[in-house]
Amino acid sequence: MNLQQLTCVAVYLCAAGVLFLALLNRVLILMRERWYKTPFIVLVFMILSCGAITAGYALPLLPWIMIPMLILSAMLVGEILRLGIRQKCAGSPPIDTIPHKIKLTRPVTTTDLICHRYQIELPQWHGERLRVAHLSDLHVNSHLGAEYFREVFNAVEEEKPDIVLYTGDFVTNAKSLPMLREIIRPMGRFGSYAVLGNHDYWSDDREVGKVLMDKGIKLLTNESTVINCLGGRILLTGCDYPWGQSAKNIQIKDKASLHLVLSHTPDNIYWMSGKSADCVFSGHCHAGQGRIPFFGSVIVPSAYGRRFDHGHFVVNRTHLFVVSGIGAANPPLRIFCQPDIFIIDICSCIRG
Ligand SMILES: [Fe+2]
């Protein structure tokens, strides 16, 4: 292989890699869990890689090199646009993170739980300070061990939250339901509330829902509930879309209430903000589960790619919180990506 062919193969391989990541993030990773899912993803990867090598080897440099160059240019423009939108929607950073940052010398961070604290001012809230604990994506499984999950719940209880919000993916498969029943417990002075995630639907949504109800966690399946507490009124809505039933009947904002929405995926943010949600709480992305230091996430199951992979955003005046989650799935491993919980204090007026 001469230098020209080597260059050609390298460019084609880069373009194939970008194409594969786009397909993986937007389609392949969202496929229902079946025995053929992983082999199918590997097959797509092999086809694209082998196709890229063959094309780079066999085709002359010009004019065929324009095809991978166009793919790479489109990716670059997309990334620049994403960065711009992400910057525009950036919310406030956490006021505190406990304990602090990951170390480059310790790449495996599967159980290195951290807690991010946020404080936001919402004039819609008329009560005393409301402390929300947001958890997601437990993906309960024996690899992580029951003790890890108990430590997570202990950490949440230490924060003395007023309400606890779970945004889905309690299990990766139905085998973990007995363990979920063993470890999960209600928390929060005014209760725990949940929606299900795609993995719960793919496992056994009825059984997951039953475990939650038995344990005193209120499941909101495309419905709303009102919580009167701390001198204020909360309208809390759960949105399972697109995995559950149609979300057509979701109640719009009651003007006298603070409207909080649980949505497993952050992809619902734009239409939820159109429904006048004040805060949307999401998980699903696992913050990428594996992150490249100084670059961030690579694989994010979202129509918006890495735009809302993790953190606090403000979209059309709606606050969006996306947690990394507690567990990990397929494989149950996190690389340079810590599991986390968000503790969010909502105040009607923050006094300096
Ligand atoms: Fe998940």
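The values are calculated or read from the model by the stated rules, or taken from the named source; none is laboratory data. Computed from a predicted model, the values in this text were never measured in an experiment. Cβ: placed from backbone, ideal geometry, glycine included. Neighbour counts: every protein chain shown.
Numbers for the structure displayed
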| quantity | calculated |
| --- | --- |
| Any hit, segment 299-320, residues being within 15 Å of residue 119 (Cβ to Cβ), part of a strand (DSSP E or B) and either assigned by TED's automatic domain parsing to the domain that holds residue 34 or within 16 Å of the ligand (Cβ to nearest atom) (or both) | no |
| Single residue of 19, 13, 6, 62 found to be closer than 30 Å to residue 203 by Cα and part of a helix (DSSP H, G or I) | 19 |
| Residue within segment 325-338 that is free of Cβ contacts under 8 Å to residues at least 60 places away in the same chain and crowded, with 18+ Cβ neighbours inside 10 Å present | no |
| Neighbours by Cβ (under 8 Å, 6+ apart or cross-chain): first from segment 267-289, within 15 Å of the ligand (Cβ to nearest atom); second in a helix (DSSP H, G or I) | 282/266; 282/268; 282/269; 284/198; 284/266; 285/266 |
| Strands (runs of 3 or more DSSP E) within segment 76-193 that include 1 or more residues out of contact with any helix residue (DSSP H, G or I) (no Cβ under 6 Å at 6 or more places or on another chain) and within 16 Å of the ligand (Cβ to nearest atom) | 130-135, 163-167 |
| Odd one out for residue 114, checked against (1) loosely packed, with under 13 Cβ neighbours inside 10 Å; (2) assigned by TED's automatic domain parsing to the domain that holds residue 293; (3) of a type in the set (A, V, I, L, M); (4) closer than 30 Å to residue 203 by Cβ | (1) |
| So residue 19, is it closer than 27 Å to residue 175 by Cβ, modelled with pLDDT of 90 or more and not assigned by TED's automatic domain parsing to the domain that holds residue 330 | no |
| Where a residue in segment 181-207 is assigned by TED's automatic domain parsing to the domain that holds residue 240 and on the phi < 0 side of the Ramachandran plot and its partner, wherever it lies, is among the aromatic types (Phe, Trp, Tyr) and modelled with pLDDT under 95, with Cβ under 6 Å and at least six apart | 198/243; 201/243 |
| Residue count, segment 274-285 (criterion: more than 18 Å from residue 23 (Cα to Cα) and at pLDDT 90 or above) | 7 |
| Test set (1) touching an Asp or Glu at 6+ places or on another chain (Cβ under 7 Å); (2) at pLDDT below 95 - residue 117 fails condition number | (2) |
| Residues of segment 180-215 classified as within 19 Å of residue 131 (Cβ to Cβ) and of a type outside the set (A, V, I, L, M), total | 8 |
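Here's the yes/no breakdown for (1) touching a residue at least 24 places away in the same chain (Cβ under 8 Å); (2) in contact with a Pro (Cβ under 6 Å, 6 or more places away or on another chain); (3) surrounded by fewer than 16 Cβ atoms within 10 Å (Cβ to Cβ):
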| residue | (1), (2), (3) |
| --- | --- |
| 28 | no, no, no |
| 34 | no, no, yes |
| 46 | no, no, yes |
| 54 | no, no, yes |
| 67 | yes, no, yes |
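Residues are listed down the side, and each one gets a yes or a no for (1) under 21 Å from the mean Cα position of the chain (by Cα); (2) buried (at least 18 other Cβ atoms within 10 Å of the Cβ); (3) among the hydrophobic types (A, V, I, L, M, F, W, C); (4) over 30 Å from residue 245 (Cβ atoms):
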{"residue": "137", "(1), (2), (3), (4)": "yes, yes, no, no"}
{"residue": "145", "(1), (2), (3), (4)": "no, no, no, yes"}
{"residue": "150", "(1), (2), (3), (4)": "no, no, no, yes"}
{"residue": "160", "(1), (2), (3), (4)": "no, no, no, yes"}
{"residue": "208", "(1), (2), (3), (4)": "yes, yes, yes, no"}
